[in-house]
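Have a look at the structure below before the remarks.
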Amino acid sequence: MARSAVTYSCQQCGVSSPKWAGKCEDCGAWNTLVEERKETPSGPGKRLVGRRIMLESLQAENRAEPPPRMQSNISEFDRVSGGGLVPGSATLIGGDPGIGKSTLLLQLTCKLADLGLKAAYISGEESVDQVRMRAKRLGLANAAVALGTATNASDIAASMDGPEKPNVMVIDSIQTMFLPSLDSAPGTVSQVRATAQELTRAAKNNQVAVLIVGHVTKDGAIAGPRVLEHMVDAVLYFEGDRSHHFRILRSVKNRFGATDEIGVFEMLEAGLTEVANPSELFLADRREDVTGAVVFAGIEGSRPVLVEIEALVAPSSLATPRRNVVGWDTSRLAMLTAVLEARCGVPLSGRDIFLNVAGGLKIHETAADLAVAAALISSVTGRPAPQRTVFFGEVALSAELRQVAQADARLKEAAKLGFDNAVMPRPRKSAGNTAGIAVSQPTTLAELIEIMGGIN
């Protein structure tokens, strides 16, 4: 006979506790523990003996060829997914409310349906009529997409079986799904974990590519247990500021392709449109004679991207000067300002520092250190950076500059957009093809300051 056990699960990190507390002992979040009941077997039959599994050889001769990927003809999405959707895969897509997740997935299913694939869109938040209205607004009213509203994960899993099963199914969203066998509300840790497991199992058994929408917390992480990201095959984040037109689709996990790959979209009245050359778009309105603005040649996944980094250093009237950063790591900025002041004598203490990455792009690589340092120096001195010049390189705590990967690809992208000069660390080996760009190779931040015209 089964007995009911009461546990308290944190809605932030998913850890379970035998008793309730106001603060989670694992992640430190307040008022996140929710009561959940679990049925546990009891009696003599509690301990079960497992069955021996059959192992197969890696070198099997009669291996079936993997099914072809399902390309959507949305090249930016296909790039991020690794070349198209894989049958039987589960993809989790997260993003802020209103960022465009549902719009992107509706456009995706309509594209796949136009290519002859069976596509289904299951919404747990909107009615069928609401989805139809959105499709009409996007000019997709005639697409052969099957629509449905459901929140029972068992019913959705059953719909993936049979001769009329879809090739692709979108589930919007995982926080609205539930399993009747669990005595907890939708969106709780146990429901999110169990429903994701049920949907993933059904997708793999029936070779259906499932795309699951996941809401995010105020910190930008997908709401629910962390194990949710481990269950699925790919995790994509839809980034961007709703005040900007640009949207960035970033791959943070992909079992079938490269991670940290990005796709760039622009939000228009007719929906999301692809941006084939993001560098050109990010630099479209740039002026050469502005102080504190430099161009960084970065790498996002396998794609070189040029983006403008803006810095403003101003006197502060506060006891603790402000450090406001948009699009970069705040702790990285604190380290860089300390190195500039301690090693190079750049007067930054007692001043407010504002740093912004234009276009809403979030930069994660340390190769942006040199570009940020150049922007800070330009703002402090009041002199613009050298014209038609790109910057990239990593800065050490000793103020020495370290080389970064894929320098040739960065230089080629800069040359394609009309840049003539580049400032980069001196490589260990002789430099390869510089794509016709004049290269300056300082070894320390002090030499960078000399290139920028020195400190007054």
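For this structure, a couple of remarks:
- DSSP-defined beta bridges in the chain - what % are antiparallel, rounded to 5: 55 percent
- Degrees between helix 101-114 axis and first principal axis of the chain (Cα, 0 to 90, nearest 10): 70 degrees
- Neighbour counts of C-beta atoms inside 10 Å place TYR8, TYR121 in the sequence TYR8, TYR121, starting with the fewest.
- Sites matching trypsin sites (Lys or Arg not before Pro) across segment 372-456 that sit in DSSP coil, with at most 13 neighbouring C-beta atoms within 10 Å: ARG428, LYS429
- In Hz, Karplus ³J(HN,Hα) per residue of segment 368-377 (6.51, -1.76, 1.60; θ = phi - 60°; x = Gly, Pro): 7, 4, 5, 5, 5, 4, 5, 5, 5, 5
- Using the Cβ of GLU400 as centre and a radius below 12 Å, the other residues enclosed give a net charge of 0, where K and R count +1 and D and E count -1.
- Per-residue Cβ neighbour counts within 10 Å put VAL15, VAL252, VAL80 in the sequence VAL252, VAL15, VAL80, beginning with the fewest.
- The chain, relative contact order [Cα under 8 Å, separation at least 6], %: 12 percent
- Compactness of segment 99-178, taken as the C-alpha radius of gyration over 2.2 N^0.38 Å, stands at 1.04.
- In this label model, SER302 and ARG322 are separated by 4.3 nm, measuring between points 7 Å along each Cα→Cβ vector.
- This model, with +1 at the C-beta of Lys and Arg and -1 at the C-beta of Asp and Glu, gives the chain a dipole about its Cα centre of some 960 debye.
- Segment 314-396: relative contact order in percent, alpha carbon pairs under 8 Å with at least 6 residues between: 32 percent
- At a Cβ-Cβ separation cutoff of 4.7 angstrom, cysteine residues of the chain with no neighbouring cysteine are CYS110, CYS344.
- Loop sites in segment 258-330: trypsin sites (Lys or Arg not before Pro), DSSP, at most 16 other Cβ within 10 Å: ARG286, ARG287, ARG322
- Labels on offer are (i) 24.3; (ii) 25.0; (iii) 27.8, and the one holding Kirkwood radius over Cα pairs in Å computed from this structure is (ii).
- 0 to 90° range, to nearest 10: angle between helix 189-206 axis and the chain longest Cα axis: 80 degrees
- Relative to the dominant Cα principal axis of the chain, helix 128-137 is inclined by about 30°.
- When PHE392, PHE256 are sorted by how many other C-beta atoms sit within 10 angstrom of their C-beta, beginning with the fewest, the order is PHE256, PHE392.
- Cα-based shape type of segment 281-451, given that a ≥ b ≥ c are square roots of the gyration tensor eigenvalues and the cut on a/c is 1.5: prolate
- Cα gyration tensor shape for segment 246-304, rounded if a/c is under 1.5, else prolate or oblate: oblate
None of the figures in this text is laboratory data; all of them are computed from the coordinates on show. Because the structure is predicted, anything quoted here is derived from the model rather than measured. Every residue, glycine as well, gets a Cβ built from its backbone with ideal geometry; the counts of neighbours run over all protein chains shown.
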